[in-house]
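Rule-based calculations on the coordinates, nothing more; no lab input. These numbers come from a predicted model, not from an experiment. Neighbour counts are summed over all protein chains in view; Cβ atoms, including those assigned to glycine, are modelled from backbone coordinates with ideal geometry.
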Amino acid sequence: MSKKTVIRADLIGRSCKKDILHAVSTLQGIKSMDIDEEKCTLTVLGPVDPVKIVHRLKKKCFAAAVVSVEDDKPKEPDPPAPEKKKEDDDDPCQCQCKEAECACVKD
């Protein structure tokens, strides 16, 4: 099952970004990687164990911590809300006949 893993890592410059990508890219199962320099996060898509990613970064002397791990499935759209009854349908009679012979119309 594919996961989206977000990891916080120390990013100082381009060389750090390059070293982080190189260290993590050797792990098997990675579909894609993205680094957000403003938030100092690494986002990895794929069925890779987040602990292995952090371990690999710490081996390369980067401070790293897991921020979040979630499924990489697109969110299912909400089911449509049931239609409201018309205000004219206040009649408790469920049958559509309005005849005098119907048991529900008799008083």
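Points to keep in mind about this one:
- Matching residues, region 41-59, being surrounded by 15 or more Cβ atoms within 10 Å (Cβ to Cβ) and not small (Gly, Ala, Ser): THR41, LEU42, THR43, VAL44, LEU45, VAL48, PRO50, ILE53, VAL54, ARG56, LEU57
- Count - residues of region 3-40 that are surrounded by 11 or more Cβ atoms within 10 Å (Cβ to Cβ), small (Gly, Ala, Ser) and within 18 Å of ASP72 (Cα to Cα): 1
- Selection from region 16-73 of residues that are within 15 Å of MET1 (Cα to Cα) and among the polar types (S, T, N, Q): GLN28, SER32
- With a requirement of 2 or more residues that are touching an Asp or Glu at 6+ places or on another chain (Cβ under 8 Å), in contact (Cβ under 8 Å) with a residue 40 or more places away in the chain and charged (D, E, K, R), the strands (runs of 3 or more DSSP E) lying completely within region 1-70 that satisfy it span 3-9.
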